[in-house]
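Just below is one structure, and these are the notes that go with it.
The values are calculated or read from the model by the stated rules, or taken from the named source; none is laboratory data. None of these values were measured; they are calculated from a predicted model. Here the Cβ is made from the backbone with ideal geometry for all residues, glycine too, and neighbour counts use every protein chain on show. Ligands, DNA and RNA are stripped out before the accessible areas are found, and what is left, the full protein with its side chains, is counted by its heavy atoms. Shrake-Rupley method; radii C 1.70, N 1.55, O 1.52, S 1.80 Å.
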Amino acid sequence: MLRPVEMAHQMLSKTIKPGDVVVDATMGNGWDTAFLANLTDNVYAFDVQKEALISTQALLQEKNLEAKLILDGHETIDKYVSDSVKAAIFNLGYLPRTDKSIITRPSTTLRALDILKDKLLPHGQIMLVVYYGHEGGQREKDAVLDWASTLPQAQWHVMKYEPLNQIHTPPFLICIEKR
Ligand code: SAM
């Protein structure tokens, strides 16, 4: 069975072609950035923590990959990415083993989603891996579910991939595709 993040990668690997402009909205330790950089040489990755850029740079170097690493919030995507975007991925929540007070937040996440929605190419995709067990997570979960489920169905496919029999608050995936 695929975990939510593996399912996101599987779908993105079918969508992204070499040269496509793609966004890792929450760089963290760079696992998604490296995954994207294997598919295209046009990856923009965002994080607000310097530590994220340092560990992602090390991971990319080890794998001989390249990406544009940006120390800024994903809500500023417009400042750095002028092209249309083929795909984006978010891992919401906090970076394990670092400062748990640095979390993604509803207002900035929704701002980034609104910008990406307009920048997305037809058949482009946004993957949201939603972790919500931490303080503030439930509010963000509700906000993104509300945002995604009200996208007009004539223009958007929206799917949810979620474990049904796990205890605690396992992450789930929201897949968004422009028609
Ligand atoms: N995808 C990452 C990986 O492969 O390791 C994990 C991401 S972690 C769950 C969430 C990340 O979002 C943290 O590194 C945090 O610093 C970052 N973050 C929080 N607010 C942000 C914002 N406004 N813009 C960009 N990144 C943000």
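Normalising by the residue count of region 57-123, find the relative contact order in percent from Cα pairs under 8 Å and 6+ residues apart.
39 percent
Decide, for region 104-169, between rounded, prolate and oblate: order the square roots of the alpha carbon gyration tensor eigenvalues as a ≥ b ≥ c, take rounded if a/c falls under 1.5, and otherwise choose prolate if a/b is larger than b/c, else oblate.
Taking the square roots of the gyration eigenvalues as a ≥ b ≥ c, region 104-169 is oblate.
Using Cα pairs under 8 angstrom and six or more residues apart, how large is the relative contact order of the chain, in percent?
About 21 percent, as a whole number.
Taking the simple approach of a point 7 Å from Cα along Cα-to-Cβ for both ARG105 and GLN153, what is their distance in nm?
3.5 nm
Using 14 Å as the cut-off for backbone N distance, which residues of region 74-113 belong to the label zone defined by a point 7 Å from the Cα of ILE54 along Cα→Cβ?
Those under the cut-off are 98-99.
Counting only heavy atoms of protein chains, what accessible area per residue, in Å², does the chain have with a probe of 1.4 Å?
That works out to 52 Å² for each residue.
Restricting to bridges with both residues inside region 73-179, how much of the DSSP beta-bridge set is antiparallel, in percent to the nearest 5?
65 percent
May I ask for the net charge around LEU12, where only other residues with Cβ less than 13 Å from the Cβ of LEU12 are counted and Lys, Arg are +1 while Asp, Glu are -1?
-2
If you take every residue apart from GLY93 with its C-beta less than 14 Å away from the C-beta of GLY93, what net charge results, scoring Lys and Arg +1 and Asp and Glu -1?
0
Taking the alpha carbon gyration tensor of region 134-179, what are the square roots of 5 times its eigenvalues, largest first, to the nearest whole Å?
Calculated on Cα positions only, the semi-axes equal 23, 13, 6 Å.
With the alpha-carbon atoms as the only input, what is the per residue convex hull volume for region 24-179 in Å³?
So the per-residue hull volume is 114 Å³.
Per DSSP H run of at least 4 residues, take -39500 (n - 2.57); add these up for the chain, divide by its residues and hand me the 222 nm value, nearest 500 deg cm²/dmol.
Taken over the chain, the calculation gives -10500 deg cm²/dmol.
Quick one: if you stick a label point 7 Å off each Cα along the C-beta vector at LYS68 and TYR161, how many nm between them?
2.8 nm
Based on the mean of other Cβ atoms within 10 Å per residue, sort peptides 57-69, 4-16, 117-129, 27-39 so the most packed one is first.
27-39, 117-129, 4-16, 57-69
Which of the lysines could a cross-linker span from LYS141 if the Cα-Cα distance has to be under 22 Å and same-chain partners fewer than 8 positions apart are dropped?
The qualifying lysines are LYS100, LYS117, LYS160, LYS178.
Which three numbers, in whole Å and largest first, are the semi-axes of the equivalent ellipsoid of region 61-112 derived from its Cα gyration tensor as √(5λ)?
After diagonalising the Cα gyration tensor, the semi-axes are 21, 19, 10 Å.
Return the FRET efficiency for the residue pair LEU121, MET1: r is the Cβ-Cβ distance, R0 is 25 Å, and the value is rounded to the nearest 0.05.
The formula returns an efficiency of 0.25 here.
How large is the Kirkwood hydrodynamic radius of region 1-113, counting all unique pairs of alpha carbons, in Å?
Result for region 1-113 stands at 14.1 Å.
Could you compute the net charge surrounding GLY137? Neighbours are other residues with a C-beta less than 14 Å from the C-beta of GLY137; K and R count +1, D and E count -1.
Surrounding charge for GLY137 is +1.
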